[in-house]
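Presented below is the structure to which this report refers.
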Amino acid sequence: MTIIDIHNNEFFNKFEYNIKGAVQALKDEFGQQFSVSQSVREQHTSTTTVHAPELPDGVVFAYNKEDVQKTVKICSEYGCPIIPFGVGSSLEGHLNANFGGISIDMNNLNNIIEVHPEDSTVVVQPGVTREQLNTYLRDTGLFFPIDPGANASIGGMASTRASGTNAVRYGTMKDNIISLEVVMPDGEIIKTASRARKSSAGYDLTRLIVGSEGTLGVITEITLKLYGIPEEIGAGRCTFPTVKDATDAVIMTIQAGIPVARIELLDIAQVKAVNNYSKLSLPESPLLLLEFHGSKSSVQEQSELFNEISKDFGGDNFEWNSNVEERNRLWKARHDVYYAVKACRPEADYIATDVCVPISRLSECIAETIDDLEKNNLFGPLVGHVGDGNFHVQLMIDPKIQEEIDVANGFLERLAHRAISMDGTCTGEHGVGQGKKQYLIDELGPAVDFMKLIKEEIDPKGIMNPGKIL
């Protein structure tokens, strides 16, 4: 099944790779920490994506940064591709070994090195997951807010510049990483910044590495910003006559300065799916789910202000609650979207894609996308982090029906170009990986040539996750 898998590898075809020599050297160096078994290699490729798996030639299980450094030095010596591996939840083929090579499993680098409560910062290894981190932080009164949905590793989240439902208030990974420790392609370990909250010293290497998808180096340590756990958290939901009414209410809410933590949109198809799957009885209309953080009085005030705004756009059935059990009940519709969509067509493959546009163009982009789906008889419920203009389409395509595949390919291409034409981006969260390389060129044009210059200067042998982004 081929769904928009643009294998334009001209940039990387000029490099010469010696994988066999690296495999033997890694066997000698790591012994049982290195595996070439079929089953292990199958577990270290892109398994949560529509892109066909492309297996690495071997897997190193790293336990510390010295293991990573040794691996990179050996691969650099032989000219062997390297693909860092976290929990494997990325969606754009980031983990595929397009040119073969070595997967470095980072899951055993999972220590929380030090917490600085007075500074609201923490230093972690890349294998730490977001749930692990927040469980560890619970007694400090602090938390890490970035929530991409999956229990992803912090290293993977940094590499793909992840965000999620809380981004409208807390920003994305690029806004919450202070410093990185990185093994560069020649094996040298660098620190991109100090632990100070701000700096004007030199180039911002931290932002360069964040979102580089493993193409510039291997992250071995991350310093993160933390936030105080809110005194009160209130969750609410509200239905609207149309998607435009819902998104217009979002725009007005943001313009009014209401510091909403989360604003999620479910279209009618998605609401129907979660009603069937989760045995809910939501009105089958576009739905907004919201979360408010702050003191008890401020959460009450935010909820009341949003309620008044929503009424101006036909909002109905507004309810909110700060009780944990009731809050979870209100959010069940959002948490079940993946399983609800899968249950609608069990025989089909799940294809997730995302775009992001300026919030002023959001309703227009969503309306055109839904119209595109309907005209082409595609089943693709929509859910969006609409507070920052980002939404996801969840296509279900039968891989045995070529016509469906062809129609889906056309839709995905139109969706990316629609967002770009509205001064948006082909991906707000998922990253470029394999499948959106051409769209990156369409979006940024000559800027991609400067990205290639940076890549060639930092990684002259082309060994760091080749075949991705460029």
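The values are calculated or read from the model by the stated rules, or taken from the named source; none is laboratory data. A quick note: this is a predicted structure, and the numbers were derived from the prediction, not measured. A quick note on method: Cβ atoms are made from the backbone with ideal geometry, for glycine too, and the neighbour counts reach across all protein chains shown. Protein only, heavy atoms only, side chains kept; ligands, DNA and RNA dropped before computing areas. Shrake-Rupley method; radii C 1.70, N 1.55, O 1.52, S 1.80 Å.
Couple of notes before you dig in:
- With semi-axes defined as the square roots of five times the eigenvalues of the C-alpha gyration tensor, the equivalent ellipsoid of the stretch 188-333 measures 37, 19, 16 Å, largest first.
- More than 25 Å apart - percent of Cα-Cα pairs taken over the stretch 142-245: 31
- Excluding same-chain neighbours fewer than eight residues apart, the aspartates and glutamates reachable from residue 296 by a Cα-Cα span under 15 Å are 231, 232, 304.
- In sequence order, calculated HN-Hα J values of the stretch 425-438 (Karplus, 6.51, -1.76, 1.60; Hz; x Gly/Pro): 10, 5, 8, x, 9, 5, x, 7, x, 8, x, 10, 5, 5
- Taking the stretch 42-141 and dividing mean pair separation by its residue count, relative contact order in percent (alpha carbons under 8 Å, at least six apart): 29
- Computed from the Cα positions only, the extents of the stretch 365-448 along the three principal axes stand at 38, 27, 19 Å, in decreasing order.
- Unpaired by the 4.7 Å Cβ criterion, cysteines found in the chain: 238, 344, 356, 365, 426
- Here is the list for the stretch 394-426: trypsin sites (Lys or Arg not before Pro) lying in DSSP coil, each with at most 15 other C-beta atoms within 10 angstrom of its C-beta, are 400.
- Set of aspartates and glutamates near residue 191 by C-alpha distance (under 12 Å), chain-local residues within fewer than 8 positions excluded: 181, 204, 221
- On the principal axes of its alpha-carbon atoms, the stretch 1-87 has extents of 39, 29, 22 Å, going from largest to smallest.
- 0 to 90° range, to nearest 10: angle between helix 362-375 axis and the chain longest Cα axis: 90
- For the chain, the longest principal axis of the alpha carbon atoms and the long axis of helix 324-335 meet at an angle near 70°.
- Per-residue 3J(HN,Hα) values for the stretch 78-84, derived from phi via the Karplus relation 6.51 cos²θ - 1.76 cosθ + 1.60 with θ = phi - 60°, read 8, x, 10, x, 10, 10, x Hz in sequence order (x marks Gly and Pro).
- Note on the stretch 1-154: the alpha carbon radius of gyration divided by the globular reference 2.2 N^0.38 Å gives 1.17.
- Lysine pair count for the stretch 12-126 [Cα-Cα under 23 Å; pairs on different chains or 8 or more apart]: 7
- Viscosity 0.890 mPa s, temperature 25 °C, Stokes-Einstein D of the stretch 96-171 from Kirkwood C-alpha radius, µm²/s: 180
- Surface share of carbon and sulfur [accessible, 1.4 angstrom probe, percent] for the chain: 48
- Sum of -39500 (n - 2.57) over DSSP H runs of 4+, divided by residues of the chain (222 nm, nearest 500): -11000 deg cm²/dmol
- Relative contact order (%) - the stretch 395-470, alpha-carbon pairs under 8 angstrom, separation at least six: 24
- Annotation for the stretch 144-217: GluC sites (Glu not before Pro) lying in DSSP loop with at most 15 further Cβ atoms inside 10 Å of their Cβ are 188.
- For the stretch 123-244, the relative contact order is 31 percent, taking Cα pairs closer than 8 Å that sit 6 or more residues apart in sequence and dividing their mean separation by the residue count.
- Lysines with Cα under 17 Å of residue 272, excluding same-chain neighbours fewer than 8 positions away: 332, 342
- Each semi-axis of the equivalent ellipsoid for the stretch 231-301 is √(5λ) with λ an eigenvalue of the Cα gyration tensor; in descending order they amount to 24, 16, 8 Å.
- Within the stretch 319-470, the proportion of Cα pairs with more than 26 Å between them is 38 percent.
- Stokes-Einstein D in µm²/s, Kirkwood radius over Cα pairs - the chain at 10 °C with 1.306 mPa s viscosity: 69
- Long-range lysine pairs (8 or more apart or interchain), the stretch 356-470, Cα under 25 Å: 14
- Where the chain is the region considered: accessible area per residue in Å², 1.4 Å probe: 41
- Packing-based ranking of 363-375, 111-123, 47-59 yields 47-59, 363-375, 111-123, ordered from highest to lowest mean Cβ neighbour count within 10 Å.
- Crossing angle, helix 19-30 versus the chain [Cα axis fit, 0-90 degrees, rounded to tens]: 90
- Reported value for the stretch 307-387: 142 Å³ per residue, from the convex hull of its C-alpha atoms.
- Cα-based convex hull volume of the stretch 258-405 per residue, rounded to whole Å³: 113
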